[in-house]
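Any read-out appearing in this document is the output of simple, stated calculations on the displayed coordinates, not a laboratory observation. None of these values were measured; they are calculated from a predicted model. Here Cβ is always computed from backbone atoms with ideal geometry, including for glycine, and neighbour counts include all displayed protein chains.
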Amino acid sequence: MSLINKFKSLLPISSRSFHAAEKHFVAQNNLVKDELLDIKSKQDELFRRIEQADNGINGNLNAKYDAIDASLRTEAERNKLRMEALFRKAYPNDTPAETRRRIFSLLPEAEGNARIMQKANGRLMFELDALCKKANLPYWTSFGSLIGALSRNGFIPWDDDIDICMMREDVDKLKEICANNPDFQLTLVYDGYVFCRQVRFSSRNQHIPCFVDICIWDWAPSPSKSKDDALRSLRVELMDAFVAKMNEFPYWGERGLLYSPDSGSVAQCIQIERDDQDDKKAALEIENIETLFSTYQGKARAAGLLCSKDKATAVAYGLDNLFNAPWRKILYPASMMFPVKTHAFEGGFIDIPNDAYSVADECNPGWPYLPDDILGHNHFTEGVFDQPETKEALLRFIES
């Protein structure tokens, strides 16, 4: 390169050269934009066609599925009617409810691991019954367990836990008893999925993953419909309050379940380890959770929906229980529950409400029946029987 050319390379470009370069870059930029717009247009058209094809395929599949599902449901109803008709002919003096119970009593028992879990739960219930009898703490069987007791003298085939009810003050007494019991415990877990206090009776042996669910009940002045409606509305309001305040419970929101710091571990239907919990974080949030429960308990008393035992003619399903059936009554005459009666269950005896059939009618109209979620009633995490020591412990517990 000549000396003159070297000097030129160091000098600023001319105005004409600069504008020529600018026009070139603008033209290239516009060309790229046009190409990108063309690509986007073709992409949008491709997505539209994919969506159209997807809707067509899925719509066709949905239509076929709906037709098959409707056919199966229709056939199931026909079979149910045929079965009831046969039994009504064989037992003409039965009421429809008696016919359904007779059919239910003939259903085969659960098998395999499910039956082992049922037997272990039955054994656990007899231990709880003995503790309650010794301390004069009344309880009554409820929900699916009551239906099983009344129709089969045992578990319904697809259930794997036991539900009982106790008055709040008796649950507190049971907690004191279990605190000093070397074999059994009463656990308290705060459920952030459904905003309830989960109380369970279980073995302290972690290889026995069965439990008895305990629903807490309160005393009420009247079982009138207006008070029942008001109390159910208050429970919905309580859940809304928890939703609105969840930003105040970040640890609860993160874990879903919080164990009371003085509670041991108990089986859950989701995988969560008690030992992983930070009890300090949990305790801080539980204090505020309890404050909210107490606030609404106070509202119920102030509104005349709950009262002390000496002023009560009714009992109420507690505001801090699971509320998964908003249509169901939660106020009942005390005479429907008390005095409790004894009933056969899994080769032993447990307590049921005084007017057990009426209670079952109120809680599960048209019982007994096969639920739509018949395969979705497991209350412990899948895979617990993968541990040989668990199965061995359950079998030993059943035979003890």
One point scatterer per Cα, no solvent, Debye formula: log10 I(q)/I(0) for segment 106-219 at q = 0.11, 0.19, 0.21 Å⁻¹ comes out as -0.36, -1.06, -1.25
Longest principal axis of the chain (C-alpha) makes with the long axis of helix 225-244 (C-alpha) an angle, in degrees to the nearest 10, of 30
On each of the three principal axes of the Cα atoms of segment 147-188, give max minus min coordinate, whole Å, ordered largest first. 35, 23, 17
Could you tell me which of Leu331, Pro261, Val212 has its Cα farthest along the dipole of the chain towards the positive end, charges placed at Cβ (Lys, Arg +1; Asp, Glu -1), taken about the Cα centre? Leu331
Suppose we flag GluC sites (Glu not before Pro) only when DSSP calls them loop and at most 11 other Cβ atoms lie within 10 Å. Which is the longest uninterrupted stretch of the chain? 112-272
Within segment 136-225, report the chymotrypsin sites (Phe, Trp or Tyr not before Pro) that DSSP leaves as loop and that have at most 10 other Cβ atoms within 10 Å. Tyr193
Can you list the equivalent-ellipsoid semi-axes of the chain, largest first and in whole Å, using the square root of 5 times each Cα gyration tensor eigenvalue? 60, 32, 24
Kirkwood-based Rg/Rh on the Cα set of segment 258-400 evaluates to 1.02
Using alpha carbons only, what's the Rg to Rh ratio of segment 267-312 with Rh from Kirkwood? 1.22
